[in-house]
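Only one structure is covered here, and it is reproduced in the block below.
Here, each number is a calculation from the coordinates, and none is a lab measurement. Fair warning: this is a prediction, and the values are worked out from it, not measured in the lab. FYI the Cβ positions are ideal-geometry reconstructions off the backbone, even for glycines, and counts take in every protein chain you see.
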Amino acid sequence: DARVVIVGAGIVGCSLADELTARGWSEVTVLEQGPLPAPGGSTSHAPGLVFQTSPSRTLTGFARYTVEKFSSLKVDGLPCFNPVGGLEIATSEERWADLHRKAGLAASWGVRGELIPPARCAELWPLLARDQILGGFHTPDDGLARALLACRAQLERATARGARFLDRHTVTAIEREGGRVTAVVTDRGTFPADAVVCAAGFWGPLIGAMAGVDVPLQPLAHQYATTAPLPELAGVNDPRTEASRPILRFQDRDLYYREHTDRIGIGSYAHRPLPVDPARLPAYDDAPVMPSSLPFTAEDFAPSWAESVGLLPALGASRVEKGFNGVFSFTPDGMPVIGESREVRGFWLAEAVWVTHSAGVARAVAEWMTDGRPGTDVHACDLYRFEEAQRSPAYIAERGRRNFIEVYDVIHPLQPVEQPRPLRVSPFHVRQRELGGYFLEAAGWERPHWYEANAALAGSVQPPPRDAWSARHWSPIAAAEARATRERVALYDMTPLGRLEVSGPGALDFLQRMTTNQLAKKPGTVTYTLLLDEAGGIRSDLTVARLSEHHFQVGTGGALDLDWLLRHAPDDVRVTDITPGTTCVGVWGPLARDLVQPLTPDDFAHEAFGYFTARRTFIGHVPVTAMRLSYVGELGWELYTTADLGLRLWDTLWEAGRRHGVIAAGRSAFNSLRLEKGYRAWGHDMTTEHDPYEAGLGFAVRMDKGDFIGRAALEGRGAGTVTRKLTCLTLDDPAAVAMGKEPVYADGVAAGYVTSASYGYTIGRTVAYAWLPAAIAVPGTAVHIEYFGEKVPATVAAEPLYDPRGERIRR
Ligand code: FAD
């Protein structure tokens, strides 16, 4: 049997031992430097609040499993989860509106919740200063995880199934051979291992370094304080369960609360970020309290105390009796980091995990280790989601600190990171700035969403006015850019989209095995195809251009595809990320040919340069790979060249385009145009939880082309067998908007959720894609989308909404 060594017996290590042994792993050893059962990591002092709802469907799913599992675990007759419920209160209009949005997220992800008036908040929490509160969001199934008890329960269960927990074993080295882990070295001996899981919490980067694997997280201290006993709480709570009132969040002031029998615990994110270097923390026996508990800095807490007295006036007669600065992990995007290292096989991470998500993460990692893939979509937690440019220690430290500050902020879905910026820019960034580009950020890239230079055009197009939320990071100029693309021609910066080069004698066979569509076509063809996992779930969608016999250029969503291909590539195939050294401009619109033809020696006529073909040619002085593709549903080309020539390419196109009224257009228009054409965005519209037929992408699957990953799982499936569908909706009111992730109601019942949405400027209403049961996903069916608590009528539509026969592209 394979030997697994887990490093760390916090909530993650214990949960993982339980999940692995439940799946039949019999040789599981957990090594822990501290003494069990409270070894001194973050779990040992975690107050255990579990708010399940998050904008991330993945995290919410993890949390739901934690609640379900811990509720079923008992120690000394007491469950490891106390379902006191959760209450988030709003003291500002902005937060109150955001709680409406949050209630929508909860409905989308299947968490029970209700918006309640101040009087009801005060009923649930009698100590609240009711006059300050505008309302609350009550989630009856949230509550308190009893983290150390849950550790014990899972430790005992795993031990009964044969796992060993060895405390006071400090891991000092990870041995490797031939690109695999072989053993874990401790101060008390060496443990042979076929797999090692780093569940060392914020010490993860140190363990990772022992294996030569970067663990992208930043440890930070976070303040937690407990009041003296309050007369108001005398006799209210049973000391065995400690709390009866909901866990409470006061996010307007970055604070949260729970009961500890007759005291109140207060957690604060309101202080300055306090980064911690785990290498400098004392060992367990040398620590004054425990290694992860640093001395309380009262001056940092003072403003939080004042705010707390304001919210809970009874605290005015009390004081902070004890407090500490507790350490835990922050990542560049606030998500956990899980998965197996590609360079060091058998070395797994289960890092940067809250108690809230611990059981869910442990289950996903155990499934991944057992079945080769997690049972749910975890791409947003994947170790390889970060691009090279996001992996520097400086980036991780800076983003970690920022995420601490923003942890309770109202975050708009388009809100870009503030720092470090700019990090990655296109070669023609200087022109984009001259044109007044409004830049947002993704994967480190500066991406213009519209250009102020097009403001003059905006007068001719009048999209409906918007509410303040949907108007953020939006401009009516996008409507003018969309229209110019449909009527004339526009330049789109496609540089931030990933590009891989796949080459070598085995390249075709390799890509055939990896993807669903037929790629054995003559050089010069481009094919839209899918990467599936073994279960037939969609890992990505790609455009594959066969540039010559053994040379392919692959357009991808990003870093995860590179990782997946590198993991599978045989020796005679080279996979290279050419994104950073190259650039791409999309020239799209009915006048695209008029613009490009005079600049190139090649024939760009429809008959000579067909749709979904590619060739090497020149645009003026610039050698390019031209591909006749269009994400916006208009005639045009993607023009690729090396980064050094990017500016020249842009300027050449711009100069030639003047007489055609060319404009630069941004992501905002792009997103609108793509949704009108029904082009899916992986990661938003579909993930590994969906198969191609459900996602409406069956046309990209060729079951008769030979074997490929996921083929066996698709056997017997088809458009006719699906029970749920990615569905096109239009909002009935031309002025209504949706942003994505809203719940969709059919006959008053939450039936699904929106994946992507944008105003469709050509069709004159908002387009939303949503996952819905197949029975509802019938054109003409009336549904409702909940936007900030309002039920907005929408109708299932036949797709695509614009140019369904594709006549505008093929001409
Ligand atoms: P840990 O519990 O830190 O476990 C890692 C273990 O690895 C440690 O026991 C450590 O001793 C061991 N280890 C490290 N290095 C080695 C080595 N070289 N050899 C052997 N063993 C090693 N989360 C919530 O969900 N809700 C909350 O309300 C909440 N409140 C919090 C309040 C505070 C003050 C703090 C600090 C954190 C809070 N968190 C909360 C976060 C949560 O506590 C952590 O995210 C979680 O406990 C991490 O669990 P873990 O198992 O990954 O790490």
**Message:** Apply the a/c threshold of 1.5 to the C-alpha gyration tensor of segment 75-131 and tell me whether it is rounded, prolate or oblate.
**Reply:** oblate
**Prompt:** How large is ³J(HN,Hα) for each residue in segment 418-431, as worked out from phi by the Karplus curve 6.51 cos²θ - 1.76 cosθ + 1.60 (θ = phi - 60°), to whole Hz, x for Gly and Pro?
**Reply:** 8, 9, x, 9, x, 9, 10, 10, 6, x, 9, 3, 4, 5
**Message:** Tell me the Rg and the Dmax, in Å, that the Cα atoms of segment 677-738 produce.
**Reply:** 14.5, 49
**Item:** segment 15-74: Cα Rg divided by the 2.2 N^0.38 Å rule of thumb
**Value:** 1.35
**Request:** Taking the Cβ of Thr721 as the centre, find all other residues whose Cβ is under 13 Å away and add up their charges (Lys, Arg: +1; Asp, Glu: -1).
**Result:** 0
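Count charges around Ala478 for me, please; just the other residues with Cβ under 14 Å from its Cβ, Lys/Arg as +1, Asp/Glu as -1. Can you show the working numbers first?
Values: positive: Arg447, Arg466, Arg472, Arg483, Arg486, Arg667, Arg674; negative: Glu452, Glu481, Glu676.
Summing Lys/Arg as +1 and Asp/Glu as -1 gives +4.
Can you pick out the pairs among Lys522/Lys705; Lys677/Lys725; Lys69/Lys791; Lys74/Lys741; Lys102/Lys791; Lys522/Lys677 whose Cα atoms lie more than 25 Å from each other? Could the numbers behind the result be given before it?
Numbers: Lys522/Lys705 15 Å; Lys677/Lys725 17 Å; Lys69/Lys791 34 Å; Lys74/Lys741 35 Å; Lys102/Lys791 15 Å; Lys522/Lys677 27 Å.
Beyond 25 Å between Cα atoms: Lys69/Lys791; Lys74/Lys741; Lys522/Lys677.
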**Item:** Neighbour-count order for Phe328, Phe301, Phe439, fewest beta carbons within 10 angstrom listed first
**Value:** Phe439, Phe301, Phe328
**Request:** Could you tell me which of Leu78, Trp654, Ser54 has its Cα farthest along the dipole of the chain towards the positive end, charges placed at Cβ (Lys, Arg +1; Asp, Glu -1), taken about the Cα centre?
**Result:** Trp654
**Prompt:** Considering only DSSP states other than H, G, I, E and B, which trypsin sites (Lys or Arg not before Pro) in segment 117-216 qualify as loop sites with at most 13 other Cβ atoms within 10 Å?
**Reply:** Arg188
**Charge dipole of the chain about the Cα centre (unit charges at C-beta), most positive-ward option of Ala147, Gly752, Pro273** = Gly752
**Asked** Applying the Karplus parametrisation 6.51 cos²θ - 1.76 cosθ + 1.60 with θ = phi - 60° to the phi angles of segment 165-180, what ³J(HN,Hα) value in whole Hz is obtained for each residue in order, glycine and proline being reported as x?
**Response** 10, 10, 8, 6, 10, 9, 6, 10, 7, 10, 8, 9, 8, x, x, 10
**Prompt:** Helix by helix, which DSSP H runs in the chain go 18 Å or more along their axis at the Cα atoms and have an average Kyte-Doolittle hydropathy of -0.5 or more?
**Reply:** 57-72, 147-160, 298-311, 355-371
**Message:** I'd like the isolated cysteines in the chain, meaning no second cysteine's beta-carbon lies under 4.7 angstrom from theirs.
**Reply:** Cys80, Cys121, Cys198, Cys381, Cys584, Cys728
**Asked** Which far-off residues, 5 or more places away or on another chain, put their amide H under 5 Å from the one on Phe347, with H placed in the peptide plane?
**Response** Val181, Val196, Ser341
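With a sphere of radius 14 Å drawn around the Cβ of Ala270, what net charge do the other residues whose Cβ falls strictly inside it have (Lys, Arg +1; Asp, Glu -1)? Display every interim value, and only then the final one.
Details: positive: Arg249, Arg253, Arg272; negative: Asp252, Asp254, Glu299, Asp300, Glu307, Glu406, Asp409.
The answer is -4.
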**Fill in**
Within the chain, the percent of DSSP beta bridges that are antiparallel, given to the nearest 5, stands at 85
**Message:** Show me the chymotrypsin sites (Phe, Trp or Tyr not before Pro) within segment 686-792 that DSSP assigns to loop and that have at most 16 other Cβ atoms within 10 Å of their Cβ.
**Reply:** none
**Prompt:** For segment 577-588, what does the Karplus curve 6.51 cos²θ - 1.76 cosθ + 1.60, with θ = phi - 60°, yield as ³J(HN,Hα) per residue in whole Hz, taken in order and with x for Gly and Pro?
**Reply:** 7, 9, 4, x, x, 10, 8, 8, 10, x, 10, 10
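Rounded, prolate or oblate: which fits segment 221-291 when a ≥ b ≥ c are the square roots of the eigenvalues of the alpha-carbon gyration tensor, with rounded for a/c under 1.5 and prolate only if a/b beats b/c? The partial results should precede the final answer.
On the way: a/c = 3.16, a/b = 1.57, b/c = 2.01.
Here segment 221-291 falls in the oblate category.
Checking the a/c ratio against 1.5 first, then a/b against b/c, what shape does the Cα gyration tensor give for segment 351-451?
Working: a/c = 2.46, a/b = 2.01, b/c = 1.22.
Prolate is the answer for segment 351-451, as a/c is 1.5 or above and a/b outweighs b/c.
Could you list Ser503, Ser548 so that the one with the fewest beta carbons within 10 Å of its beta carbon is first and the one with the most is last?
Details: Ser503 19, Ser548 11.
Ranking Ser503, Ser548 by Cβ neighbours within 10 Å, fewest first, gives Ser548, Ser503.
Run the numbers on segment 695-803 and let me know its relative contact order in percent, using alpha-carbon pairs under 8 Å that are six or more apart. Could you put the intermediate results ahead of the total?
Working: 203 pairs, mean separation 30.6, N = 109.
Dividing the mean separation by the residue count of segment 695-803 yields 28 percent.
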**Protection-proxy order for peptides 555-565, 468-478, each taking the mean of Cβ atoms within 10 Å per residue, highest first** = 555-565, 468-478
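Which longest uninterrupted range of the chain lacks any GluC sites (Glu not before Pro) assigned by DSSP to a loop state (not H, G, I, E or B) and surrounded by at most 15 other Cβ atoms within 10 Å?
Values: sites that count: Glu343, Glu418, Glu534, Glu549, Glu607, Glu715, Glu807.
That would be 1-342.
State the Kirkwood hydrodynamic radius of the chain in Å, one decimal place, computed from all pairs of distinct Cα atoms. List each step's numbers first, then the result.
Details: mean 1/r = 0.0354 Å⁻¹.
Final number for the Kirkwood radius of the chain is 28.2 Å.
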**Asked** By count of other Cβ within 10 Å, fewest leading, how are Lys74, Lys705 ordered?
**Response** Lys74, Lys705
